[in-house]
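Shown next, in structure tokens, is the structure this report addresses.
The values are calculated or read from the model by the stated rules, or taken from the named source; none is laboratory data. Everything numeric in this text was worked out from a predicted model, so none of it was measured. Backbone-built Cβ (ideal geometry, glycine too); neighbour counts: all protein chains shown. Note: accessible area is taken over every heavy atom of the protein model, side chains too, but ligands, DNA and RNA are not part of it. Shrake-Rupley method; radii C 1.70, N 1.55, O 1.52, S 1.80 Å.
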Amino acid sequence: MGLMDRIRGEFIDIIEWTDDSRDTIVWRFPRHENEIKMGAKLVVRESQTAVFVNEGQIADVFTPGTYTLETQNLPVLSTLKGWKYGFHSPFKAEVYFVTTRQFTDLKWGTQNPVIVRDPEFGMVRLRAFGAFAARVVDAAALLRELAGTDPQFRTEEVQEYLRQLIVGRLANALATAGVPMLDLATRQDGLGARLAGALTEELAPVGIAVPKFIIENISLPPEVEAAVDARSRMGIVGNLDQYTQLQAADAIGDAARNPGAAGEGVGLGVGMALGRRMAEGLIPQQPPAAAPAPAPAATPAAPPPLPQQQWFIGVGGAQQGPYDSAALTGLISAGTLTRTTLVWQNGMSGWLPAEQVPEVERLFGSVPPPLPPQA
């Protein structure tokens, strides 16, 4: 290489970046101690921003376009270099290209469950995962706060930081959304938009925005899923008798998959029971033959006592009972049983306030109010 070729190679005439990757956020132009020729061309393509750095200090920022580098196009750098009167000399400066397009292949997920309080199921552990898009909106801020002097800053270097922010925001978003756990699937879009706004606001100091946040799935613990499935099955079958039939049908399926003798015995017994039930429904039932009239007894037997409803109440977090209706009336008079006291009897699906149970609510009307104070 001749002397003139070496001198000519020390000056850079065109500064540009053609990105052949899909994960590079910041790329430093490889100057290699060469000087940039005054009057060189700077090409900034769409979805790019070029940042000139002089001795560690951010100087000029260029948006998409083609520029001829002169003192009037480099006002901050001209001031830092002390150029006066349009002095056209080569100069040294670091040039960083920053990608401003959206990165849409970013994933997130909760490594540990997020605990939320549900109005129906109480405290529940939830797991969630999804995807999000991120883009640079302030190239200078990104260089100052995250990229620094990294010659090739990639998405993998910032993705874990973003994931931690997302998980930290997710717990608060789920807790303050006021959405029942069973309705979360219908509200995922709204929660995603809310989280996108919150993350964009929090990431503004580092020059990053989150234009899109997607919640793909919110999963429940296995035991809660089993409880939801059982409740759904109860809602479908309607009553206990039909639910028993459904369990019997499940038992037949389990027995068919079990080739052992025990499985065959269970399947045979359940099949015979169902066969009798089907026969009873298909064959018309004949009215029973009239039984002979019993001989009159010398002394009529006394009828058995009427069955009494047995109630349980919750007082101070402890279960008390059983009580019959007369005992409940006494507890109401004593002030132990109020309209908000939880009550339960056999056949109820759960504890309810007394005012929501008609059999107990009517007892409050038969109890007189306390006497007024006597003079």
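Among the residues of region 84-114 satisfying the criterion of being part of a strand (DSSP E or B) and in contact with a helix residue (DSSP H, G or I) (Cβ under 7 Å, 6 or more places away or on another chain), which is farthest from Ala147 (Cα to Cα)? Let's see the steps before the verdict.
First, the residues of region 84-114 that are part of a strand (DSSP E or B): 91, 94-99, 103-109, 114.
The next check asks that each one be in contact with a helix residue (DSSP H, G or I) (Cβ under 7 Å, 6 or more places away or on another chain); those that pass are 91, 96, 98, 106, 108, 114.
Details: Phe91: 24, Tyr96: 10, Val98: 10, Leu106: 18, Trp108: 21, Val114: 31 Å.
Ranking the candidates gives Val114 first.
Quick one: count up the residues across region 112-135 that are farther than 15 Å from Leu184 by Cβ and more than 13 Å from the chain's Cα centre (by Cα).
If we filter region 112-135 for residues that are farther than 15 Å from Leu184 by Cβ, which is where we start, we get 112, 122-123, 131-135.
This time we only want the ones that are more than 13 Å from the chain's Cα centre (by Cα), so: 122-123, 132-135.
Number of matching residues: 6.
Among Arg163, Arg169, Arg117, Arg144, which is in a strand (DSSP E or B) and either of a type in the set (D, E, K, R) or in contact with a Cys (Cβ under 6 Å, 6 or more places away or on another chain) (or both)?
So the residue among Arg163, Arg169, Arg117, Arg144 that is in a strand (DSSP E or B) and either of a type in the set (D, E, K, R) or in contact with a Cys (Cβ under 6 Å, 6 or more places away or on another chain) (or both) is Arg117.
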Do we have Gly130 as open to solvent by less than 10 Å² (accessible area, probe 1.4 Å), closer than 30 Å to Glu223 by Cβ and among the small types (Gly, Ala, Ser) here?
yes
Here the qualifying pairs (Cβ atoms under 6 Å; residues six or more apart or on different chains; first in region 186-197 and closer than 14 Å to Ile166 by Cβ and in contact (Cβ under 8 Å) with a residue 24 or more places away in the chain; second aromatic (Phe, Trp, Tyr) and outside any helix (DSSP H, G or I)) come out as Gly192/Phe213; Leu195/Phe213; Ala196/Phe213
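Can you tell me which residue within region 48-105, out of those that are acidic (Asp, Glu) and modelled with pLDDT under 90, is nearest to Glu35 (Cα to Cα)? Steps first, please.
Step one: of region 48-105, the residues acidic (Asp, Glu) are 55, 60, 70, 94, 105.
Okay, now just the ones that are also modelled with pLDDT under 90, so 55, 70, 94, 105.
Working: Glu55: 14, Glu70: 14, Glu94: 10, Asp105: 38 Å.
For region 48-105, the residue satisfying everything is Glu94.
Residue by residue, here is whether (1) under 22 Å from Met123 (Cβ atoms); (2) of a type in the set (Gly, Ala, Ser); (3) open to solvent by 80 Å² or more (accessible area, probe 1.4 Å) holds:
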position: Ala147; (1), (2), (3): no, yes, no
position: Gln159; (1), (2), (3): no, no, no
position: Arg163; (1), (2), (3): no, no, no
position: Arg169; (1), (2), (3): yes, no, yes
position: Ala173; (1), (2), (3): yes, yes, no
position: Gly207; (1), (2), (3): no, yes, no
position: Val210; (1), (2), (3): no, no, no
position: Val224; (1), (2), (3): yes, no, no
Of the conditions (1) more than 29 Å from Thr100 (Cα to Cα); (2) open to solvent by less than 30 Å² (accessible area, probe 1.4 Å), Arg187 satisfies every one except a single condition; which number is it?
(2)
Checking the structure you have, find out if any residue of region 1-16 is under 42 Å from the mean Cα position of the chain (by Cα), in a loop (DSSP other than H, G, I, E, B), within 18 Å of Val98 (Cβ to Cβ) and at pLDDT 85 or above.
no
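For region 120-138, enumerate the residues that are free of Cβ contacts under 8 Å to residues at least 12 places away in the same chain and in a loop (DSSP other than H, G, I, E, B).
Narrowing region 120-138 to residues free of Cβ contacts under 8 Å to residues at least 12 places away in the same chain: 122-123.
Those that are free of Cβ contacts under 8 Å to residues at least 12 places away in the same chain and in a loop (DSSP other than H, G, I, E, B): none in region 120-138.
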Considering residues of region 46-79 that are open to solvent by 70 Å² or more (accessible area, probe 1.4 Å) and more than 47 Å from the chain's Cα centre (by Cα) only, the residue farthest from Ala140 (Cα to Cα):
Gln72
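Output the residues belonging to region 95-130 that are of a type in the set (Gly, Ala, Ser) and in contact with a strand residue (DSSP E or B) (Cβ under 9 Å, 6 or more places away or on another chain).
Gly109, Ala128, Gly130
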Please verify whether region 196-210 includes one or more residues that are more than 27 Å from Glu46 (Cβ to Cβ) and modelled with pLDDT of 80 or more.
yes
When you scan region 107-115, do you find a residue that is modelled with pLDDT of 85 or more and open to solvent by less than 70 Å² (accessible area, probe 1.4 Å), even just one?
yes
